[in-house]
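Working notes, beginning with the structure itself.
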Amino acid sequence: MADTVSDLIVSTLKASGVRRVYGLPGDSLNGFTDALRRDGGVAWGHVRHEEAAAFAAAAEAGVTGRLAVAAGSCGPGNLHLINGLFDAQRSRVPVLAVAAHIPQEQIGSEYFQETHPELLFRECSVYCELASMPEQVPWLLGMAIRAALERSGVAVLVIPGELFLAPAPDGPAAHPIVKTSSHMRPDDSELARAARVLNSAERVTILAGAGCEGAHDESVALAEALQAPMVHSLRGKEFLAYDNPYDVGLTGLIGYSSGYRAMEHCDALLMLGTDFPYRSFYPQKASVVQVDVRGEHIGRRTPVEVPLVGTVKDTARALLPLLDRRDDDSYLRTMRRHYERVRTRLDRLAEAKPTDSPLHPQHVAATIDRLAARDAAFTADVGTPTVWAARYLRMNGERRLIGSFNHGSMANALPHAIGIQASHPGRQVIALSGDGGLAMLLGELITLRQLDLPVKVVVFNNSALAFVELEMKAAGVVTYGTGLDNPDFSAQARAAGLHASRVRRADELDDALQAAFAHDGPALVDVHTERQELSLPPKLTLEQIKGFTLFATRTILSGRGDEIVELTKTNMRQLSLE
């Protein structure tokens with residue numbers, strides 16, 4: 001029987017499969033953290049910043065599919081959670097945030113550290129409520145956990161600090177709260193409409209996303225029946241870009257031209273479990289069939305002729321018998337040849353001479369891919385590390401790739417890696433960190449040592465916010481405020497107790513990565529990469545070409561012509577491979 005409200009919370013979390021809570025202690029959380037200590041069955045994932053706690057919980061929930069928990073003390077403590085909670089909400093993973101509040105009698109008096117978390121967290125949650133008395137807590141906690149699991153999002157429970165220490169209300173013992181399982185598919189008439197559209201089309205392309213998790217075979221079966229090239233979103237990569245003879249890569253700003261062309265030339269588009277946001281990459285005249293479990297999300301990006309509400313697995317199984325199986329694979333073969341040319345070009349860009357210094361980031365990413373374990377879990381910082389991860393990390397059904405792909409926050413890779421490693425102690429976890437992202441939450445290197453988490457951090461150190469610079473160049477803006485005067489990250493990592501090395505030449509990379517990957521503990525490899533490497537989108541618009549021209553002119557006129565020379569030298573090899 002629980003003695004306090006905190007004991008009740010901990011026993012409910014433990015019964016529901018929670019094994020750790022990420023956070024930073026504070027006085028308003030004392031009752032909760034003391035209950036964790038006394039129970040001993042739920043670990044305290046002590047991070048150095050609450051933002052990292054929320055990111056870690058998001059990643060744990062993303063790779064396990066189970067509820068993960070983060071906690072913050074009143075005022076600034078729980079406010080620091082908000083960026084990571086936005087990431088979890090937009091990634092649609094089940095996270096519970098326990099947000100401690102000021103003493104209840106002081107609410108509304110502009111008390112020290114007072115905020116109104118029940119209002120502030122509402123936009124990044126599927127459930128957010130304030131508990132005012134002990135009798136409410138078991139019910140609100142159960143509702144919060146259920147909402148997070150069933151709606152795949154963030155639930156926030158706000159609790160005044162003194163309530164944690166209050167006697168637990170009488171009631172039944174804590175019982176498990178777990179996600180339910182059910183089948184969900186459209187009705188027969190809607191499936192028949194979709195089949196008519198797809199059967200009458202000459203060139204069908206499939207755009208597939210994260211909603212295809214657990215539905216690899218069903219998605220590939222649809223592509224086989226329709227002889228359709230399959231374009232995957234970034235979040236769909238880990239679920240679809242393997243054992244798939246219909247794959248033609250990504251589209252979007254960091255995608256391949258082959259994915260773009262497969263979308264451009266189709267006359268019917270079948271969207272499977274994706275809410276791909278970039279409208280300019282959709283076909284202009286194709287008929288669209290969209291499958292999503294969230295009916296309200298259908299048609300948000302492009303006009304949809306046939307909306308199908310259901311899971312990809314169940315909907316694909318029901319739709320497949322209605323499709324006319326095709327013998328003509330000419331469209332598929334054309335798109336696959338295009339993809340093979342693009343893939344060959346990308347692989348050639350990843351080649352390196354031993355003396356290359358600084359290194360081309362493509363070579364770094366390809367080397368990480370080659371040396372990583374078969375079941376490695378990767379995280380990637382927003383910006384150019386995500387580009388190289390998208391283009392060079394190969395998925396195989398066992399590997400995972402986690403990032404802030406919807407929210408687009410900097411500094412996500414290291415705390416995401418913390419959450420994955422904490423929940424998978426025997427797995428190889430590799431963070432592809434940008435120098436800007438790593439510096440933003442640099443203190444979490446200490447978390448790796450303190451929690452004894454053997455995460456391997458590879459820093460793409462180009463001394464710049466490189467993706468921001470690329471955006472400036474495309475807009476015709478002279479780069480400004482993006483340079484980074486970085487320290488020796490390897491020296492800082494060693495000072496924090498990590499194995500660390502610094503790589504300046506291509507012939508040093510293999511040995512440094514192998515040593516880091518073999519080290520029994522956390523490790524960091526600081527790799528100096530080209531600042532001016534361009535990660536070009538699959539299609540350059542006239543506006544972007546004009547923007548680059550204007551950028552070059554303005555940069556020269558501002559007395560920085562050497563930057564244009566360096567940009568040209570760095571990327572000349574890309575032109576030679578066209």
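List of remarks:
- Out of ALA148, ALA166, ALA100, one residue alone is among the small types (Gly, Ala, Ser) and within 26 Å of the chain's Cα centre (by Cα). It is ALA148.
- Qualifying residue in the range 259-271 (condition: under 18 Å from ILE402 (Cβ atoms) and touching a residue at least 12 places away in the same chain (Cβ under 8 Å)): no
- Among residues of the range 452-471, those that are more than 30 Å from ALA518 (Cα to Cα) and of a type in the set (Phe, Trp, Tyr), counted: 1
- GLY437 being surrounded by fewer than 24 Cβ atoms within 10 Å (Cβ to Cβ) and either within 20 Å of the chain's Cα centre (by Cα) or not acidic (Asp, Glu) (or both): no
- Near pairs, Cβ below 8 angstrom, 6+ apart or cross-chain, from the range 129-148 (within 18 Å of ILE107 (Cβ to Cβ)) to any residue that is among the polar types (S, T, N, Q): SER132/GLN104
- The C-beta contact set for the range 392-421 (first residue in the same structural domain as ALA43 (by TED's automatic domain parsing) and of a type outside the set (Ser, Thr, Tyr), second residue surrounded by fewer than 22 Cβ atoms within 10 Å (Cβ to Cβ) and modelled with pLDDT of 95 or more, distance under 8 angstrom, 6+ apart or interchain) is empty.
- Of all the criteria given as (1) buried (at least 24 other Cβ atoms within 10 Å of the Cβ); (2) in contact with a helix residue (DSSP H, G or I) (Cβ under 6 Å, 6 or more places away or on another chain); (3) not in a loop (DSSP other than H, G, I, E, B), the one not satisfied by LYS473 is (1).
- ALA431 passes every criterion in (1) in a strand (DSSP E or B); (2) over 17 Å from ASP526 (Cα atoms); (3) not hydroxyl-bearing (Ser, Thr, Tyr) apart from (2).
- All positions within the range 347-366 that are part of a helix (DSSP H, G or I), crowded, with 16+ Cβ neighbours inside 10 Å and touching a residue at least 60 places away in the same chain (Cβ under 8 Å): LEU349, PRO361, GLN362, HIS363, VAL364, ALA365
- Yes/no for ALA225 being in a helix (DSSP H, G or I), hydrophobic (A, V, I, L, M, F, W, C), surrounded by fewer than 22 Cβ atoms within 10 Å (Cβ to Cβ) and touching a helix residue (DSSP H, G or I) at 6+ places or on another chain (Cβ under 8 Å): yes
- Only one of ASP329, ASP369 that is acidic (Asp, Glu), within 25 Å of LEU226 (Cβ to Cβ) and either without any contact (Cβ under 8 Å) to a residue 40 or more places away in the chain or not assigned by TED's automatic domain parsing to the domain that holds ASN83 (or both): ASP329
- Residue selected from the range 137-180 under the condition at pLDDT 95 or above and part of a loop (DSSP other than H, G, I, E, B), by the criterion farthest from ALA58 (Cα to Cα): ALA166
- Among residues of the range 477-535 being in a loop (DSSP other than H, G, I, E, B) and among the hydrophobic types (A, V, I, L, M, F, W, C), the one that is nearest to the chain's Cα centre (by Cα) is LEU534.
The values are calculated or read from the model by the stated rules, or taken from the named source; none is laboratory data. Keep in mind that this is a model prediction, so the values were computed, not measured. Here Cβ is always computed from backbone atoms with ideal geometry, including for glycine, and neighbour counts include all displayed protein chains.
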